[in-house]
Amino acid sequence: MTLVRSMMFLAAAVLACAVTMTAQGQKQWTDEDYDKVMKEVGATVGALRKAVDGQNAELAKTNASKMVALFTDVRAFWTARNVKEASAIADSAVTHAKAVEGAVDAKDFSKAAEHAKTMQGACAECHKQYRDKAPDGSWRIKP
């Protein structure tokens, strides 16, 4: 009987740890977190376009990789809010950022520029649908 109770207690403890670890692995996104990511996206996309236009492969690859990570965060934000259309737009941006990386690796800067432009189009599409410009010039998520 004591062995059964001990095994049940151990199983409950393991389950509790697993639930806690899973919950800790999921970021609780705030509007402020998202705003920080968006500011980083703005700066990085400009640097990426400049690097691609200047055919600076190392800098272009660094910034394209950073864009993949940033848009992955954007996708996570919208997924956590259960906004599938915005998540899909972010997913498209991730795909194009990865394509920029591939094109830069192949030294095809015209293809990299095409993908960077399409990636920026995803930004415009998402802003149009999900963000408003406040009177002070900042951006906020549409209610």
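The values are calculated or read from the model by the stated rules, or taken from the named source; none is laboratory data. This one's a predicted model, so the numbers in the text were calculated from it and none came from an experiment. So basically every Cβ, Gly included, is an ideal-geometry build from the backbone, and we count neighbours across all protein chains shown. The protein model used for the area step is the full one, side chains on, heavy atoms only, and it has no ligands, DNA or RNA in it. Shrake-Rupley method; radii C 1.70, N 1.55, O 1.52, S 1.80 Å.
A straight chain from LYS128 to ALA69 at 0.36 nm per residue would run longer than the Cα-Cα distance by 19.0 nm. Subtracting the Cα-Cα distance of THR118 and ASP33 from their residue separation scaled by 0.36 nm leaves 28.1 nm. Expressed as a fraction of 2.2 N^0.38 Å, the value expected for a compact globular protein of N residues, the C-alpha radius of gyration of the stretch 61-143 is 1.17. If R0 is taken as 30 Å, the Cβ-Cβ distance between ARG140 and LYS50 corresponds to a FRET efficiency of 0.60. Computing FRET efficiency as 1/(1 + (r/R0)^6) for ALA57 and LYS111, where r is the C-beta to C-beta distance and R0 is 22 Å, gives about 0.95. Only protein heavy atoms count here; on that basis, with a 1.4 Å probe, TRP139 has an accessible area of about 100 Å².
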